[in-house]
Structures are given as structure tokens and as C-alpha cells.
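Readers should treat all values here as calculations from the given coordinates under stated rules, not as data from a laboratory. Nothing here was measured: the structure is a model prediction, and the numbers come from that model. Here the Cβ is made from the backbone with ideal geometry for all residues, glycine too, and neighbour counts use every protein chain on show.
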Amino acid sequence: MKNGVHYSIIVLLFFIQALFLYSIFRENNRSYMVSITLLSLTILLLYTYMKVQLHEEHQEYESLKVALWVPIGAICSYYLNQVLQLGPVLAAALVGTIASFLPNLRPRSVYLQKLPVAIYCGAFVGMSSPKIAAGPGFILAASMFTAIFLIVSKSIMQGVGGKLGTLAFLGVTITYFLLYFFDGA
Amino acid sequence: MINYIILVLSASTAVFTHLLHVRFKQGPVRASALLALVAGLIFHFFPTWLSADLSKHIPLVVIGASFIGMVSSDRLANILGIIIAGLLFGLIYAHTSRYFDGYGGALGTAACIAVLVCMAIPHLSSKRKLTVGILQLRRMLFNSKRKTNYRRRNQGM
């Protein structure tokens, strides 16, 4: 069961990144240079997933108490971004900067050390534009998905820059497509 | 012109974030968020300082490239790797699809792809392999020097 979850999340992460590259290819397929570069990137990406030691062998789960901070970060970032109209960058950066000082409240607390990562991950969900995230309900749902991905991906791609963003992107994309599917049906 | 600015800015932001994270021990989140905060504040208070295109793209490039600098040093071992990942991010950002415009986390996904692609190049991702490479090169150079000295001595005799 644990192995199944482990491999599913790895496949899902590769799939969403390949989809991201494919969407660029679809818009730029007239340029040979861009097409060749994208093909090379996809091959190298696949090579890294298959050959490089990216993940821990033992599946570990992040604590639920830590993952609960993902929706909090997302709602704060959404509020600053869309309600106070500060824009996505300033909103996520403000939330991330404040979160990064939380461990200073009690430097010995292991729990507080883990919060900045969860809050910053949530802040990326809150960066979504109004045309994608119509209201706080969408942000809450997307950040719940992201929190689940954060829990199950603890031993996957540790220390790789952009992992938190990919998890947020996965959460937002799944929520958007679920809404699109149910609205369309 | 704007594409060159994006490339240079993304490479330099990735390096600055990595320095803040690893050398100045600020941690990955603070290193990334602080640089993004500076860029965000500048363009929030001075939106007409540069052209509209640059004012729109620079904060996004800074926060996206800063995610590359969050990589731990045992994943990307040297600054060259960070620079190449930054340039790759700039390239992906410059051609990014309008389809995923406005999706939270899209910049992080582009940064993650850039880092993972760089990790496929062994000399950029592993300190050990680089050290072994340097040792082999040194052994080769010193051995050839020793052989030349030995030959010269023998010829002199």
C-alpha cells in the first residue's frame, strides 16, 4: 500500500511536469528550436526520474498538524493577492517572509521548524488569479489537495527547488479540472 | 531584448537565493521569500519605473527563479549548476504556455523542471563525482610530469 502511494505520487509529479512542457510545445510547435529543446528537456527529466537518486527508499508521511498550515498559508496569500490587491508575488512573498520567522519564536521546537515550508507551499496556491480561483472556496479545496500531496510526498524529491510549487500546481490543476468536469456534466 | 533580461535576471536571482540559503544560512523559505518581497515591493510602489512589460515580468521571474536557489547543496553541488538551472528556468518562462496562465504553482513547476533537468548532468549534481573527476585530472597531469622528469634525468645521464 505504502509503495503504491509512493509510486503514484512520483508518476503524478512527472505527469504534471510533462503536461506543463507539452502545453508549451503545443503553442510553439512551429519553431524547431523550441520543439527540439522541449524534447531534450523531457528526455532529461525522464532520465532524472528513472536514474537519479531523487527519493528516499522508505515512504514517510508528513504530520497532519504541519499540513494543516497549507490552507492557512493559502487563504492568507489569497486575501493579500485578491482582496487587498497586492498582486501574487507580493502576497506570497509577505506570507513566506513572515512564516520564515515563526521558528524564531521557539528555536528548539521541531514543530515550528516545519511550518515555514507548509505555509509557503500554501502561499503558492493563493497566488492563483481570479479567473482560475473564483473565490475562497476554490482556494480552500485546492489547498486541501496540496496538503494531502505534501503529506504523502515527504520522502519524495527532498531538497529539490520547486517541489512545493509543483505540489501547489498539482492541487490547483486537479481542483480546476474537477470543477470543470462537474460543472460541465 | 526582454528575453535576455529574463535570462540574466533568473540566473542571478537563483544564485543570490542559493547564497542566502546556503552561505548566509537563512534557510530556503526566507531566502526565496525575502528576494521576492524586495522585487514585489519595488514594483508595487514604483510601477512605472520601468516599461509595463518589464514591471509585469520582473517580479514573477524573481520569485520563480528564487525557487531554484532553494535547492539543497547535496542536490545541485555547485554554482554552475544553479546558473544553468536559472537559465533553463528563464527559457521555460519566456515560452510558457498561456494555457496555465494564472495557475498557482506554475512558476514552481517550471523551476522544478529546470532543477531536475540539471540533476541529469552528473558533474552538476554530485560533489563526489566532481571531486573524483578533479582527482583523476590531477593524477593524470602529475603522472605525465613525473614521466617527463624521469625521461629528462635518464637522457642527462
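Return the ratio Rg/(2.2 N^0.38 Å) for the protein assembly as shown, where Rg is computed over Cα atoms only.
Values: Rg = 21.9 Å, N = 342, 2.2 N^0.38 = 20.2 Å.
For the protein assembly as shown, the normalised Cα radius of gyration is 1.08.
For the pair A:Leu140 and A:Asn104, the difference between a 0.36 nm per residue extended length and the Cα-Cα distance amounts to 10.2 nm.
If you take the beta carbon distance between A:Asn29 and B:Asp101 as r and set R0 to 25 Å, what does 1/(1 + (r/R0)^6) give as a FRET efficiency, to the nearest 0.05? Numbers along the way, then the final one.
Working: r = 18 Å, r/R0 = 0.74.
Computed FRET efficiency for A:Asn29 and B:Asp101 comes out at 0.85.
For chain A, the residue among A:Cys76, A:Ser35, A:Leu167 whose Cα projects farthest onto the positive side of the dipole built from Cβ charges is A:Cys76.
If you take the square roots of the eigenvalues of the alpha-carbon gyration tensor of segment A:64-184 and sort them as a ≥ b ≥ c, do you get rounded (a/c under 1.5), prolate (a/b over b/c) or oblate? Since a/c reaches 1.5 but b/c is at least a/b, the shape of segment A:64-184 is classed as oblate.
Long hydrophobic helices in chain A: the complete DSSP H runs spanning 27 Å or more by Cα along their own axis with mean Kyte-Doolittle hydropathy of at least -0.5 are A:2-27, A:32-51, A:163-184.
Which of rounded, prolate, oblate describes segment A:1-141, given a ≥ b ≥ c as roots of the alpha-carbon gyration tensor eigenvalues and a/c under 1.5 marking rounded, otherwise prolate only if a/b is larger than b/c?
Numbers: a/c = 2.22, a/b = 1.28, b/c = 1.73.
In terms of gyration-tensor shape, oblate.
How shielded is B:32-39 by partner chains, expressed as the average number of their Cβ atoms within 10 Å of its Cβ atoms?
Values: counts 8, 14, 4, 2, 8, 9, 2, 3.
Average neighbour count from other chains, rounded to a whole number: 6.
Shape class for segment A:2-51: oblate, because the ratio a/c of the largest to smallest gyration tensor axis (alpha-carbon atoms, square roots of eigenvalues) is 1.5 or more and b/c is at least a/b.
Across segment B:40-52, computed HN-Hα scalar couplings (Karplus, 6.51 cos²θ - 1.76 cosθ + 1.60, θ = phi - 60°) run x, 5, 4, 7, 7, 8, 10, x, 9, 4, 10, 5, 4 Hz from first to last residue, x flagging Gly and Pro. In this structure, the amide hydrogen of A:Gln59, modeled 1.01 Å from its nitrogen in the peptide plane, lies closer than 5 angstrom to no residue at least 5 positions away or on a different chain.
Considering all projection directions equally, how large on average is the shadow of the alpha-carbon convex hull of segment A:106-169, in square nanometres?
Values: hull surface 19.7 nm².
Averaged projected area of segment A:106-169's Cα convex hull equals 4.9 nm².
Give me A:Ser129, A:Ser153 sorted ascending by neighbouring Cβ count inside 10 Å, so fewest comes first. If you can, show how the numbers build up before the last one.
Details: A:Ser129 13, A:Ser153 26.
With the sparsest Cβ surroundings first, the list reads A:Ser129, A:Ser153.
Label reach from B:Ser72 (point 7 Å along Cα→C-beta): in segment A:138-165, amide nitrogens under 20 Å belong to A:149-165. Magnitude of the charge dipole for chain A, about its Cα centre and with charges confined to Cβ atoms of Lys, Arg (+1) and Asp, Glu (-1), is about 220 debye.
Residue exposure proxy: B:Tyr103, A:Tyr32, ordered by other Cβ atoms within 10 angstrom of their Cβ from fewest to most, comes out as A:Tyr32, B:Tyr103. The fewest-to-most ranking of B:Val8, B:Val71 by surrounding Cβ atoms within 10 Å reads B:Val8, B:Val71.
Return the subset of A:Lys114/B:Lys56; A:Lys51/A:Lys131; A:Lys163/B:Lys25; A:Lys154/B:Lys56; A:Lys51/B:Lys56 for which the Cα-Cα distance in this structure is over 30 Å, preserving the input order.
Working: A:Lys114/B:Lys56 32 Å; A:Lys51/A:Lys131 39 Å; A:Lys163/B:Lys25 20 Å; A:Lys154/B:Lys56 34 Å; A:Lys51/B:Lys56 38 Å.
Long pairs (Cα-Cα over 30 Å): A:Lys114/B:Lys56; A:Lys51/A:Lys131; A:Lys154/B:Lys56; A:Lys51/B:Lys56.
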